[in-house]
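None of the figures in this text is laboratory data; all of them are computed from the coordinates on show. It should be emphasised that the depicted structure is a prediction, and the values quoted were computed from it without experimental measurement. Don't worry about glycine lacking a Cβ; one is built from the backbone with ideal geometry, like all the others, and counts go over all protein chains shown.
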Amino acid sequence: MSARSRTNQLLYQAELLVSMPIGEDEHAPARQMALEESALALFELALTSLLKEVTEHARLEHHVWQELLASNGPPLAELQRLRDLMREPESWLYWLTQKLEQLHSSDGAARRAVANPAMIAVGHQASLHEELLMHLQAAKLEIAALRETSQEW
């Protein structure tokens, strides 16, 4: 399987996990958290696969996203584009890297919904589930554009 196919497969699988019905039993919150963190892990694998895909011409030895996207990473145009994107607070890559740091921490990224009757709701805050779906879609659009640019070279 090519890196491109693998990237697509991982993004699709992450979407499948996030879109799975969780039910309404006593295990639903834990199941929701498990699906969200699993989807985040697949999203991380997709990012690694994307990096392999867009840097295959450079024949890099490692494809650890933290190293490749670091400011002192390899000077490749595709990586610089992703580095710039990672610095934009509204981008999918900025969001993903923040969530991956949480995922790898001892606290994890998924949170139980806390119902606090004393708290007044100001507005709807997107759940991790909703954020995942939104950022997976944004990633797929950006990846398509990155692939186009990469093919032009």
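Could you please give the count of residues in the stretch 67-98 that are closer than 20 Å to residue 109 by Cα, of a type in the set (Ser, Thr, Tyr) and touching a residue at least 12 places away in the same chain (Cβ under 8 Å)?
Residues meeting the conditions: 2.
Looking only at the stretch 1-34, how many residues end up being assigned to a helix (DSSP H, G or I) and free of Cβ contacts under 8 Å to residues at least 60 places away in the same chain? Reasoning before the result, please.
Initial filter on the stretch 1-34 (assigned to a helix (DSSP H, G or I)): 3-19, 28-34.
Filter again for free of Cβ contacts under 8 Å to residues at least 60 places away in the same chain, leaving 3, 5-6, 8-10, 12-13, 16-17, 28, 30-31.
The total comes to 13.
Evaluate the following for residue 70: is it in a loop (DSSP other than H, G, I, E, B), of a type outside the set (S, T, N, Q) and in contact with a helix residue (DSSP H, G or I) (Cβ under 7 Å, 6 or more places away or on another chain)?
Numbers: in a loop (DSSP other than H, G, I, E, B): yes; of a type outside the set (S, T, N, Q): yes; in contact with a helix residue (DSSP H, G or I) (Cβ under 7 Å, 6 or more places away or on another chain): no.
It is false that residue 70 is in a loop (DSSP other than H, G, I, E, B), of a type outside the set (S, T, N, Q) and in contact with a helix residue (DSSP H, G or I) (Cβ under 7 Å, 6 or more places away or on another chain).
May I ask you to say which residue of 100, 51, 79 is crowded, with 18+ Cβ neighbours inside 10 Å, over 16 Å from residue 138 (Cα atoms) and in contact with a Gly (Cβ under 7 Å, 6 or more places away or on another chain)? Outline the logic, then answer.
Numbers: 100 fails: in contact with a Gly (Cβ under 7 Å, 6 or more places away or on another chain); 51 fails: in contact with a Gly (Cβ under 7 Å, 6 or more places away or on another chain).
Unique residue meeting the criteria: 79.
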